[in-house]
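Written below as structure tokens is the structure these notes are about.
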Ligand SMILES: Cc1cc2nc3c(=O)[nH]c(=O)nc-3n(C[C@H](O)[C@H](O)[C@H](O)COP(=O)(O)OP(=O)(O)OC[C@H]3O[C@@H](n4cnc5c(N)ncnc54)[C@H](O)[C@@H]3O)c2cc1C
């Protein structure tokens, strides 16, 4: 607990902590704290528990079913949930397409989709990247051609996280081939159960399969699923990326990893003494803890600006870079704490049902998967190198 917290803050923190302690299902908590695989239904279950309490959308305005909390309350909520072992609230609906629909969607779209995001009746995924369009997103080629009252969509998306669990995808599509590439892009909502949508898994370094290729062959999409105006999707795309990058900043993950790091450093020995008593290792923990604190305050500053209706641009890139660097540093320190026990990577041991033996006997093998998994944070949402370009452009104009 932060000693400088006001009585109101302490009351709020205690209320959240009490609720999470009482309502977070123990099987989900065990998976999260053990770095085990979390299933679709686990995320949905927790989201519904939060939503019943009125906490389904911490960052949405009250009139849209959100909490109306300020930045400090949201940060505290995230910290209490993550440290107690709650799974993250999936960002694709809540922090990506939800805010887009609130800002750019028609009344019909808002009424249809927003309540289903809160209850997770719809699982959304993000169809931005393509095999030839990652950092250079504006060069995307998936086309949507108007035919009577539908768009016919053809193309391929890639690296689509959780597409295998999703029933809706928000896609950037090309609706005009001429002119500046950014000016021919539209933002479409596509029902994944439509004929012509095919999902193919991609295996990643940690032997997980959270990412996919999505093929769109002659998929008919009602015109009513266009968000905003045709060919004006680039503005929406950038608005969404700002929200995505702030989410990737991952303060909850940082705090959970920090708590775990300190626990492990207390229990793992070095030359007969707990590792945390080693001055050099302790210095590294202190440094990363200071980084987490500074990151938290930067995030709250940016969230307050957003809440006041100001758009954040380069700030989102800074937060994304710092958040991913800190998460990677924490996972590195965790690996060092566990020493040789952390090295064997046994993918099947990540399933909660796994009954076999691991090298250490107390769950440290899952650290390798966590370490490998967190390598991707500096890539998705736009690579850190590209974020540095965006920051430089914001500071120096178009010189770089
Ligand atoms: C685990 C994971 C999940 C993802 N989930 C999704 C998702 O759900 N939906 C989605 O749409 N996308 C998703 N992505 C895609 C992600 O956004 C892209 O991978 C990312 O934008 C980079 O694009 P790319 O892979 O095509 O790499 P490239 O653009 O080909 O870049 C390759 C390398 O070149 C560097 N580079 C490129 N251009 C520049 C430049 N101008 N200056 C300096 N360096 C440069 C990059 O930093 C990178 O190191 C995901 C990616 C990963 C790894």
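The values are calculated or read from the model by the stated rules, or taken from the named source; none is laboratory data. These numbers come from a predicted model, not from an experiment. For neighbour counting, all protein chains shown are included, and Cβ atoms are generated from backbone atoms with ideal geometry for every residue, glycine included.
Mind checking which residues of segment 85-98 are more than 16 Å from the ligand (Cβ to nearest atom) and surrounded by fewer than 22 Cβ atoms within 10 Å (Cβ to Cβ)?
Listed by number, the residues that qualify are 85, 87.
Pick out the one residue from 241, 216 that is part of a strand (DSSP E or B) and under 19 Å from residue 163 (Cα atoms).
One residue alone meets the criteria, 216.
Checking the conditions here, which among 122, 191 is at pLDDT 95 or above, buried (at least 17 other Cβ atoms within 10 Å of the Cβ), within 22 Å of the chain's Cα centre (by Cα) and more than 15 Å from the ligand (Cβ to nearest atom)?
122
Go through segment 150-167 and count every residue that is assigned to a loop (DSSP other than H, G, I, E, B) and within 12 Å of the ligand (Cβ to nearest atom).
9
Between 326, 276, which is without any contact (Cβ under 8 Å) to a residue 40 or more places away in the chain and touching a helix residue (DSSP H, G or I) at 6+ places or on another chain (Cβ under 6 Å)?
276
Tell me which residues, restricted to segment 4-43, are closer than 15 Å to residue 84 by Cβ and without any contact (Cβ under 8 Å) to a residue 12 or more places away in the chain.
Hits for segment 4-43 are 14, 15, 18, 22, 26.
I'd like the residue in segment 125-149 that is over 22 Å from the mean Cα position of the chain (by Cα) and crowded, with 18+ Cβ neighbours inside 10 Å and, out of all such residues, is farthest from the ligand (Cβ to nearest atom).
Residue satisfying both the conditions and the ranking: 144.
Somewhere in segment 219-241, is a residue within 13 Å of the ligand (Cβ to nearest atom), farther than 18 Å from residue 153 by Cα and surrounded by fewer than 19 Cβ atoms within 10 Å (Cβ to Cβ)?
no
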